[in-house]
Amino acid sequence: MTAETTPAPAPGREKTGIPRNPGRHELGMKATLLFPDRDIVERFYVPLIYTACRTCYSELAPDEIFRRAVDGQIDPAKQRKLIQGVIESGHGSTIEHIVFTFGISGVSRTLSHQLVRHRAGVAFDQQSQRYVTFKGASTMLPSTVAEAEPDLRERYEQQIEGSMELYGDLVAAGIPGEDARFVFPNATRTNLVMTTNLRALIHMSGLRLCTMAQWEIRRLFQLIRHEIFEVSPFLGSFLAPKCVALGYCDEMGNRDEHCPIRPHKDNVLGAWADKAKAARSAGRDLPVT
Ligand SMILES: Cc1cc2nc3c(=O)[nH]c(=O)nc-3n(C[C@H](O)[C@H](O)[C@H](O)COP(=O)(O)OP(=O)(O)OC[C@H]3O[C@@H](n4cnc5c(N)ncnc54)[C@H](O)[C@@H]3O)c2cc1C
């Protein structure tokens, strides 16, 4: 790669580090696949996606394709091969036909605010801070704060405890929970039910398993991926940081390639430009896309 195509790092600028893997810390959060169970996934989910894919290319009616797939008349490996090709080609509607419902508990409001930003193909129901009057709301402690100077950690904990105490006093004084909750910090834990189709789950996982994602939501999606693997290693294999499917990293914050999972887009395009230039100098042309 030439200096022309590779941006030189700013003088004295170190590569930034990959955030520590949140999986190493016990965060007290849970993600449980409520529905479906392994039997349903094995028996119906792959045949259902196969039916959606195959209907596009077959004279057979969908109910007949589904019957044959469920009855084992179509080799499961053949079903998986078609599905894999269709997913990799980006024909995403075929995987909108299957859904997964998760019980998510003990995550912070910081996390839930990020999670509910996803709009397409996903439904949420969240524990209400209006209708639930908390007796002992619990909170999430980030590991950086846990490992900070003892004095700083103590001030943090005092602040959180102070908020919780004030909440209790406000409620005891007759202030409605919906108003008392204004003192809750982002660290307050919450519970949600999330139902998502596979397309949306792959999309969300692509963003949230990325090392650029915030540690807590990254951990949540590691737990979610684990749950899917438990019922289907095949479907679980599609849950990966988005760069894995793309083949390159498109995150602005990773231009220095501190995260090594895939090369950054700028460098891939730079390498392509170098190759095209070398080919032209040799009197050949690379195909233009
Ligand atoms: C690392 C990271 C940092 C972030 N930082 C911030 C931040 O600082 N501030 C902030 O506000 N947000 C931030 N976000 C949230 C981000 O901007 C998105 O709102 C969030 O990730 C939801 O993803 P999505 O837009 O793909 O939506 P989804 O609802 O998951 O939609 C899936 C896909 O459907 C399509 N789609 C959905 N709705 C529409 C629509 N209305 N019109 C057209 N197409 C649609 C799009 O292709 C979209 O990608 C961050 C996210 C990540 C992963």
- Item | Dipole axis of the chain (+1 Lys, Arg; -1 Asp, Glu on Cβ), positive-most option in CYS56, GLY72, ALA200 | CYS56
- Exposure rank, largest accessible area first [VAL41, VAL244, VAL46; 1.4 Å]: VAL244, VAL46, VAL41
- Task: Please identify the longest segment of the chain free of exposed trypsin sites (Lys or Arg not before Pro), where exposed means a DSSP state other than H, G, I, E or B and no more than 16 other Cβ atoms within 10 Å.
- Result: 136-254
- Once ASP151 and ASP285 are pulled to full extension, the length gained, defined as 0.36 nm per residue separation minus their Cα-Cα distance, is 41.8 nm
- Message: Given the whole protein assembly as supplied and a 1.4 Å probe, what does the accessible area of ASP71 come to in Å², nearest 10?
- Response: 90 Å²
- Give me the accessible area of SER58, 1.4 Å probe, in Å² rounded to the nearest 10. 30 Å²
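Take the residue pairs LYS78/LYS275; LYS135/LYS242; LYS30/LYS242; LYS78/LYS265 and return only those whose Cα atoms are more than 30 Å apart.
From LYS78/LYS275; LYS135/LYS242; LYS30/LYS242; LYS78/LYS265, over 30 Å: LYS78/LYS275; LYS135/LYS242; LYS78/LYS265.
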- Query: When the solvent-accessible surface of protein heavy atoms is calculated with a 1.4 angstrom probe, in what order do TYR50, TYR248 fall, highest first?
  - Reply: TYR248, TYR50
- PRE zone check, label point 7 Å out along Cα-to-Cβ of VAL183, amide N under 18 Å, scope the range 89-133, hits 129-133
- Task: Please turn the phi angles of the range 261-267 into ³J(HN,Hα) values with the Karplus equation 6.51 cos²θ - 1.76 cosθ + 1.60 (θ = phi - 60°), one per residue in order, whole Hz, x for glycine and proline.
- Result: 4, 9, x, 6, 3, 4, 6
- Eligible aspartates and glutamates near LYS81 by straight Cα distance, threshold 17 Å, same-chain separation 8 or greater: GLU42
- Query: Quick one: if you stick a label point 7 Å off each Cα along the C-beta vector at GLU96 and TRP272, how many nm between them?
  - Reply: 2.8 nm
- Note on the structure: The rounded separation in angstrom of the Cα centers of the range 209-260 and the range 85-155 is 16 Å
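The values are calculated or read from the model by the stated rules, or taken from the named source; none is laboratory data. Predicted, not measured: the structure shown is a model, and the values here were computed from it. Backbone-built Cβ (ideal geometry, glycine too); neighbour counts: all protein chains shown. When the accessible area is computed, the model is the full protein with side chains, heavy atoms only, and any ligands, DNA or RNA have been set aside. Shrake-Rupley method; radii C 1.70, N 1.55, O 1.52, S 1.80 Å.
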